[in-house]
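Since the structure comes first, as C-alpha cells, the remarks are kept for the end.
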Amino acid sequence: MPPATRRTIDMQVLADWIEPGARVLDLGCGRGVLLEFLAQTRKARAYGVDLDFEKITSCVRRGLSAYQGDMLGYMRALPDGHFDHVVCSRTLEEVPDPAAVIAEALRVGRAATVGFANHGYWKNRYDAFWRGRKPMNPVYPQPWHRSRPANPATVADFEAFAADAGYRVARRAHLRGDWKTPCTFLPNLLAGYALYQLTR
C-alpha cells in the first residue's frame, strides 16, 4: 500500500479520537499533513513541533502553527494541561527517550495518542528468523541502509510499558499488515500497525 494511503487511514483513526475544536499538539509533525487534516476535519486548534527546518517551513506555507526545535524542550516550557491531545504518530521510534516524551505529553495534554509499526508482526519475525535478514515487507518497506525505526517496539512491549508506567489505555486500534483492515485477534503477531490513546 502506498505511504500516502497508509497515512490517510492513520489520520482517520486519529481524527475519530479527537473531539471537534480540541487543542492538539503533533510531535514530529513533519510537513504538517496530519495538522492540516485535523484542522480541516475536526476544526482542531492544531500545533506542531519538529526538528527539521524544511518541514517546519512547509507547515508555515500551509498556514499552520509549528515550532522548529526539540520536542521535549518545547513541552517542558508549557504549563500542565495546555493541550487536549498530544499526538506521537510514527515518532517515538525515532527519539532518544520515548518514555520521557510520553510522560511530558501526558503532563501537557489530557491524552496522548501513540502510533507505531509493530515489530512483532509475523512477517518481521519470519524475515529475521528464517532469512536472517533485517525485516523488509509492507510494515518495514526500507532496506537496512535506509532503515527505520531506531527503537522498534511490539504491541506487547508497548502494553507492558503502559501498564508498568501506570498509564490507562483509553482507546486502541490495531491494523493488519495491509494498513487498513482491523486486527482483532493476536495483534502482537498479526497487526502491522498499532495506535493507542493513553491517559493518566
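Some values worked out for this structure:
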quantity: Projected label distance in nm at residue 65 and residue 53, using a 7 Å step from Cα toward the beta-carbon; calculated: 2.4 nm
quantity: Antiparallel content of DSSP bridges confined to the chain, in %, to 5; calculated: 45 percent
quantity: Computed [θ] at 222 nm, helices only, for the chain once each DSSP H run of length n ≥ 4 contributes -39500 (n - 2.57); calculated: -10500 deg cm²/dmol
quantity: Of 185, 96, 198, farthest towards positive along the dipole that unit charges on Lys, Arg, Asp, Glu beta carbons give the stretch 59-200; calculated: 185
quantity: Extension gain, residue 40 back to residue 94 (0.36 nm per residue minus Cα-Cα distance, nm); calculated: 16.7 nm
quantity: Sorted by Cβ density within 10 Å, fewest first, the residues 140, 126, 67; calculated: 126, 67, 140
quantity: The stretch 3-199 - charge dipole about Cα centre, Lys and Arg +1 at Cβ, Asp and Glu -1, debye rounded to 20; calculated: 580 debye
quantity: Two-site FRET efficiency, residue 171 against residue 8, from Cβ-Cβ distance with R₀ of 25 Å, rounded to 0.05; calculated: 0.85
quantity: Length released on extending from residue 136 to residue 123, taking residue separation times 0.36 nm less the Cα-Cα span; calculated: 3.8 nm
quantity: Cα centroid separation - the stretch 157-200 against the stretch 81-144, whole Å; calculated: 11 Å
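Computed from the coordinates by the stated procedures, all read-outs in this text should not be read as laboratory data. Quick caveat: nothing in here was measured; it's all calculated off a predicted structure. Neighbour counts are summed over all protein chains in view; Cβ atoms, including those assigned to glycine, are modelled from backbone coordinates with ideal geometry.
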